[in-house]
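Chemist: Got a structure for you, questions after.
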Amino acid sequence: MLPQLLALSLALAPNVVSAAIFPEGSLVKMIDHKGFKDAMKQNMTSVVAFVAPWCGHCQRLAPEYSRAALGLYPLIPLYAVDCDNSKNKRLCADQGVKGFPTLKLYPRGKKMAAIEYDGQERTASAFFYWATRAVPVKVKKIKELDDIAKWAVEGISKPRALLMNKSNKMPLLWTVLNNKYKDQIIFASHRDRKGRDSVKLGFEAGPEKSPKVLIYPEGDTKPVKYDGLMKFDSLSKFFDSLLDGSVDLTLLNQESAKEEFIPTPEELDIEQRQEAEMLKLAHGGYAEMIDFEKAVKDGSAKNFHGENGFPGMMGGKPQQPAAEKVEEGVKEAPMSQTETGHPTTPAPTPTPTEAPPAADPTPPTEPSVVVQEPVVVEETKATEPGRTAAPTATAKESKEHVKEEL
Ligand SMILES: *[C@@H]1O[C@H](CO)[C@@H](O)[C@H](O)[C@H]1NC(C)=O
Ligand SMILES: *[C@@H]1O[C@H](CO)[C@@H](O)[C@H](O)[C@H]1NC(C)=O
């Protein structure tokens, strides 16, 4: 009881920094108006939660949002903006924030219109699905081997990247890279069940089930096999240099091949937490993250160390003991996705340590929390349940917002 009371009083302390609503070690990045600008320049799918530290709904959202951030790291960054901070008020108004929390997904930086989250469920798995499905551009799947040559010729004026793998499933990493480098690099994938197509293209069949990335330099129809790590940051670095045009592809590839698989303590920590999170959320929709489950079952995961990275990896995960647990978890809780893609099994309840402060009252009593924000008190009742009206400069404006919402 005591820790909960403590958490609550901390959350309600007037000078509390907004980051305090997110659990310690959360991968949700607090950004201000400048950070928002930088984030939008990245051409990435990202999510921003517009919050206020005093808002109870935001405090309840925080642990779930953090778990989603962990699951999506580093492929889809999750940010938060404290709209209570005077520096950010303009940004929040510009983004049309009328209540807290407001979750907005930016499919490709500022290049596409934002999508507001309107789901009923504010759970980690709901956010996770929402974000993964919103990555806008689909990767072309090349079914026939003969069509690869055609594809390579068609896109000759740009570099092209082809993922070859036994599985037909599109990894989120590839979709995310495709979105990030849209207009710059052409992505595709080809199912190579037994490695035979790799051989026909002049490469080794390679270890079973290990993905291959073939790079076609601009102006060339002959591919080079990428020798680096199958990780988001490694591939991004490689593609950036490729686009730079300053480096010879062979040299670039040699350099990538030299990159060793030495995770920093921080990466290790994130990896372990991701693993734990996947186990917990096996019901709720992290199954997309556990692509490696089959590899674990047939033992091929043993070789993954050194070949595959962690967060944002393609292929497998190195750690055998934890992976065995995943296998069990999956057996007990098979994927429960309907056609529409919404998880039908409710997400598991958060563990006690993650539970939001229990003492937090239900919405109708919330205005009492906001005493220092007299403007809000009046409107809170009028907004939709699960949201607190955003305080605006004047009471008049606020009323207008409320009217719009009704
Ligand atoms: C974003 O994409 C545009 C082309 O659509 C490109 O010119 C720009 O360099 C990209 N920015 C980053 C940070 O990759
Ligand atoms: C490659 O295929 C294997 C086996 O089907 C699968 O476990 C793995 O996730 C796939 N990797 C990628 C990058 O698609």
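Throughout, read-outs are computed from the coordinates displayed, never taken from laboratory work. Values in this document were obtained by computation on a predicted structure and should not be read as measured data. Every residue, glycine among them, receives a Cβ derived from its backbone with ideal geometry; neighbour counts consider all protein chains shown.
Chemist: Estimate the FRET efficiency between Ile156 and Lys41 by the formula 1/(1 + (r/R0)^6), using the beta-carbon distance for r and 41 Å for R0, to the nearest 0.05.
Modeler: 0.90
Chemist: Along the Cα-to-Cβ line of Glu260, 7 Å from the Cα, sits a label point; which residues in the range 227-242 have backbone N less than 18 Å from it?
Modeler: 228-230, 234
Chemist: Give, as a single signed number, the net charge of other residues whose beta carbon lies under 11 Å from the beta carbon of Pro223, with Lys and Arg counted +1 and Asp and Glu -1.
Modeler: Combined, the nearby Lys, Arg, Asp and Glu give +3.
Chemist: So, by mean Cβ neighbours within 10 angstrom, what's the order for 142-149, 234-241 with the highest one leading?
Modeler: Averaged packing, sorted descending, gives the order 234-241, 142-149.
Chemist: Which of the peptides 78-85, 116-123 is most tightly packed, and how do the rest follow, going by the mean number of other Cβ atoms within 10 Å of each residue?
Modeler: Going from most to least packed, we get 78-85, 116-123.
Chemist: Using 0.36 nm per residue, how much length does the chain from Leu243 to Glu24 gain when fully extended, once their Cα-Cα distance is taken away?
Modeler: Numbers: separation 219, 0.36 × 219 = 78.84 nm, distance 3.76 nm.
Working it through step by step, the gained length comes to 75.1 nm.
Chemist: Still on this structure, please answer the following. Taking N as the number of residues in the range 140-258, what is its Cα Rg relative to 2.2 N^0.38 Å?
Modeler: Output field value: 0.97.
Chemist: Then there is this: Using 0.36 nm per residue of separation minus the Cα-Cα distance, give me the extension gain between Leu251 and Gln120 in nm, one decimal.
Modeler: Gain on extension, Leu251 to Gln120, equals 42.0 nm.
Chemist: In nanometres, what is the gap between the two model label sites at Ser86 and Leu268, each 7 Å from Cα along Cα-to-Cβ?
Modeler: Inter-label distance under the simple model: 4.6 nm.
Chemist: Still on this model: For a label point 7 angstrom out from the Cα of Lys141 toward its Cβ, which stretches of the range 147-169 have the backbone nitrogen within less than 12 Å?
Modeler: Within reach of a label on Lys141: 167-169.
Chemist: In the range 73-102, whose amide N lies under 13 Å from the spot 7 Å out along Cα-to-Cβ of Met170? List them in ranges.
Modeler: Output list for this probe position: empty.
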